[in-house]
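Here the structure comes first, spelled out in structure tokens, and everything after it is commentary.
The values are calculated or read from the model by the stated rules, or taken from the named source; none is laboratory data. As the structure is a prediction and not an experimental result, all values here were calculated from the model. Glycine also receives a Cβ, built like all others from the backbone with ideal geometry; neighbour counts cover every protein chain displayed. The accessibility values were calculated without ligands, DNA or RNA, using every heavy atom of the protein model including side chains. Shrake-Rupley method; radii C 1.70, N 1.55, O 1.52, S 1.80 Å.
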Amino acid sequence: ITVQALETAAAISKALILEPIKEGFSEYELMLNSLQTTMTGTGLSAEEVQKQLDRLDEYADKTVYSTRDMLDNLPKFTNAGVELEPATTAMIGIANAAAHAGKGAREASIAYYNLGQSIATGYLSRIDYNSVNNAGIATLQWKEAMVEAAIAQGTLTKVNENAYQAGNKVFALQELFIEGLQERWATTDVMMKVFGDYGSEFTEIGKKAMAAAQDIRDYHMLM
């Protein structure tokens, strides 16, 4: 019994003391590597880069996403030519959008890659949309938010309750995200507005999405 008690105490001590220290050093190393890589890729100063890395780290601390999830995917934006600050904003918004759709880090990573490409290109392409849609992130609410932002930006005109004009053509809501994307109405500004709203704690959709990102639904998320 004494031996078993000592072994149990040792295991608990390791779990509560040694593992967090080990994880802390691992996260610190990850942060340093990300700092150096991002500085090299963007040409920004250490202070400018660290400010955005801290935003991602703080977000990870509050949600089911890990710091590694956020920092590992940052180069997908900066390498695509997206500036660091809007890239950080978009990443938080995309992560929240994925959580709001009931998806996790794997699906968010798919969205990071494809939406990073589209944001850098200047508009949402059909190929990138298909990837996001297949990942289950392109919910009806997200589509409606995209349309509303596009109307506000002037790249779409609402004809009636379920018809929108892009260029010289008129599309129904679902058609906008199939044939309609070739009209390039879903610009970078539109996407950044939507993901900015998803990533904000002060918008209605942002509050709901942030709550979803903090919702633990399985053991993996708990870890």
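Some points to look at:
- Gain on full stretching of the segment that runs from Asn130 to Arg68 - 0.36 nm per residue minus C-alpha separation: 19.7 nm
- Karplus 3J(HN,Hα) series, Hz, for region 64-75 with 6.51 cos²θ - 1.76 cosθ + 1.60 (x for Gly, Pro): 7, 7, 8, 4, 4, 4, 6, 6, 5, 8, 4, x
- Overall form of region 22-97 per C-alpha gyration tensor (a/c, 1.5; a/b vs b/c): oblate
- Surface share of carbon and sulfur [accessible, 1.4 angstrom probe, percent] for region 78-223: 48
- Computed extension length for Thr203-Gln4: 66.3 nm, one decimal, from 0.36 nm per residue of separation with the Cα-Cα distance subtracted.
- Mean ellipticity per residue at 222 nm, deg cm²/dmol - from DSSP H runs of n ≥ 4 across the chain, formula -39500 (n - 2.57): -21500 deg cm²/dmol
- If you plug the beta carbon distance of Gln214 and Asn160 into 1/(1 + (r/R0)^6) with R0 = 45 Å, you get a FRET efficiency near 0.70.
- Rounded, prolate or oblate (a/c below 1.5 giving rounded, otherwise prolate when a/b exceeds b/c) for region 56-138 by Cα gyration tensor: oblate
- Structural descriptor for the chain: relative contact order 21 percent, calculated from alpha carbon pairs under 8 angstrom and at least 6 residues apart.
- Entries of Lys158/Lys207; Lys169/Lys208; Lys62/Lys158; Lys169/Lys207; Lys51/Lys207; Lys51/Lys169 with Cα pairs more than 32 Å apart: Lys169/Lys208; Lys62/Lys158; Lys169/Lys207; Lys51/Lys169
- Distance between the pseudo-spin-label points of Glu83 and Gln174 (7 Å out from Cα toward the beta carbon): 3.9 nm.
- With protein chains left intact and a 1.4 Å probe, residues in the chain average 54 Å² of accessible area per residue.
- Across all C-alpha atoms in the chain, the radius of gyration and Dmax reach 20.5, 81 Å.
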